[in-house]
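Have a look at the structure below, then the notes.
The values are calculated or read from the model by the stated rules, or taken from the named source; none is laboratory data. Model, not experiment: these values are computed from the prediction. Every residue, glycine among them, receives a Cβ derived from its backbone with ideal geometry; neighbour counts consider all protein chains shown.
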Amino acid sequence: MKNLMEQMNEEVMCAFTACGYDGKYARVTVSNRLDLCEFQCNGALAAAKEYKKAPMAIALETAQKLENSPVFSAAEAVKPGFLNLKVKESCLADYLCQMMESEDYGNEKTAHPKTVMIDYGGPNIAKPLHVGHLRSAVIGESIKRMGSYAGHHMIGDVHMGDWGLQMGLIITELQERKPQLSYFDDGFEGEYPKEAPFTISELEEIYPTASGKSKEDEDYKERAMQATYELQHGRRGYGALLNHILNVSVTDLKKNYENLNVSFELWKGESDAQPYIPEMVRKMKEDGFAYISEGALVVDVKEETDTKEVPPCMILKSDGASLYNTTDLATIVERMENWHPAEIIYVVDKRQELYFTQIFRCARKTGLVDADTKLTFLGFGTMNGSNGKPFKTREGGVMRLSALLEDINGQMYRKISENQTMSEAEAAETAKVVALSAVKYGDLSNQASKDYILTSNGLLLLKEIRDRIYCIQL
Ligand code: ARG
């Protein structure tokens, strides 16, 4: 099936050749002034040089040839020589019908399937998902689905944040509350209980409490750092606690992602990269890339052409503890070893762009990836409140994703119920579907890298999706 772009290109090409111009000038692109037209062709400007004519004259001639086109409802020549194009509705309708009748809606699978890993979601264990995590999940999932649809082997990895100071903080707070637990007894050699010593709601409360305490109490913070270090260096009881924390959190996370209709092939986390760290570090040192600077182990990643400073990539902290960088690099080793991806795409908040520049350069320089493995950072903007600042709850905290979804669901349900044409159950089900579509549509209709404003009650989104639905119905 010929896609729409091909059909448009052919049509404009015919117009160009009919007027005696080379068809190579007839390239149609998506308009960069969507307020004026849907598509455009700038070919007259380029052709003007070859034919020594005014671009506008060429544009006018070709526009005239397109007057009764079955593809375009409008083809307008505008100064200095653009062709502004609008697709005919009957052409769109035919096209949609053809899509419906074709296998896979007319999409042809690639002849060169690649293995692509996509790192998205990125929730932090024991911290609730907040609206910031929504974008990564929604954008990442759609890229993954598009990739699979095109015939690539897409592997989504949730890459949980489960290896940093937050783990040490939770362990420290648990020890404060329940010091008698066997996990804290160094001499304990038996089996640890199968049952976690906390529930998900307790866990969600423990982390902020611990984090708050560590900001006020130096000694507490010291202990949390020590616990992090010991966890990372194989203390048995802490490893068992980490497993409990992970199990409880993953069950909860899966529920949350299911509500978003988002799923992952791999449920790996930063902690899974741990076994790859020692060998990676040893090799970086042996090859002369990693050196000690102010106590920490670093690799230089700046390049001559840099216009902004790119600081060295830190591999280990001065106390030998690994950090966000270490696990990300070791995860690259793990991914290369196990899945040999041709590309790894990271769907992460754009504020981490410099960080990923460091990571990618370090991975290349130290040979963690093959020369032809692509590393792509897909940074997204923040979701802002109506004041233009990162989205917060009325109390000033970060809004939980579940609260946002419930809020939008509720609003939609009320709107649907007002009509009183549906049963309660049907209204609830419809509300769920439309609300989720609204959230996703709101996210995906915005350019990923741009920040955007979400009204606190989600109504803006609902209005937009409702308008869209009306359009489709018409
Ligand atoms: N957990 C991180 C955060 O909340 C995102 C992880 C992104 N992925 C990665 N490989 N670093 O900021």
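Does the stretch 66-75 contain any residue that is within 16 Å of the ligand (Cβ to nearest atom) and surrounded by 13 or more Cβ atoms within 10 Å (Cβ to Cβ)?
Within the stretch 66-75 (the criterion being within 16 Å of the ligand (Cβ to nearest atom) and surrounded by 13 or more Cβ atoms within 10 Å (Cβ to Cβ)), the answer is no, since none of the residues qualifies.
Scan the stretch 54-76 for residues that are in contact with a strand residue (DSSP E or B) (Cβ under 8 Å, 6 or more places away or on another chain) and more than 16 Å from residue 34 (Cα to Cα) and report the count.
Count: 9.
What are the residue pairs meeting all of these: first residue in the stretch 11-39, first residue among the acidic types (Asp, Glu), second residue surrounded by fewer than 21 Cβ atoms within 10 Å (Cβ to Cβ) and not in a loop (DSSP other than H, G, I, E, B), Cβ atoms under 8 Å, and 6 or more apart or on different chains?
Here the result reads 22/50; 38/30; 38/86; 38/87, each pair linking the stretch 11-39 to a residue that is surrounded by fewer than 21 Cβ atoms within 10 Å (Cβ to Cβ) and not in a loop (DSSP other than H, G, I, E, B).
Results for (1) modelled with pLDDT of 90 or more; (2) assigned to a helix (DSSP H, G or I), shown as yes or no for each residue.
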{"site": "319", "(1), (2)": "no, no"}
{"site": "329", "(1), (2)": "yes, yes"}
{"site": "335", "(1), (2)": "yes, yes"}
{"site": "353", "(1), (2)": "yes, yes"}
{"site": "360", "(1), (2)": "yes, yes"}
{"site": "379", "(1), (2)": "yes, no"}
{"site": "387", "(1), (2)": "no, no"}
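Read through the list (1) modelled with pLDDT of 95 or more; (2) out of contact with any strand residue (DSSP E or B) (no Cβ under 8 Å at 6 or more places or on another chain); (3) among the acidic types (Asp, Glu), then give the number of the only condition that residue 343 fails.
(2)
State whether one or more residues within the stretch 294-315 are modelled with pLDDT under 95 and either closer than 19 Å to residue 136 by Cβ or in a strand (DSSP E or B) (or both).
No, because not a single residue in the stretch 294-315 is modelled with pLDDT under 95 and either closer than 19 Å to residue 136 by Cβ or in a strand (DSSP E or B) (or both).
From the list 192, 183, which residue is in contact (Cβ under 8 Å) with a residue 24 or more places away in the chain, among the hydroxyl-bearing types (Ser, Thr, Tyr) and in a loop (DSSP other than H, G, I, E, B)?
From the options 192, 183, the qualifying one is 192.
Filter the stretch 133-161 for residues that are of a type in the set (D, E, K, R) and crowded, with 22+ Cβ neighbours inside 10 Å and give the result.
The answer is 135, 141, 144, 157.
Does residue 428 fit the bill of being more than 14 Å from the ligand (Cβ to nearest atom), among the hydrophobic types (A, V, I, L, M, F, W, C), modelled with pLDDT of 85 or more and surrounded by fewer than 19 Cβ atoms within 10 Å (Cβ to Cβ)?
Yes.
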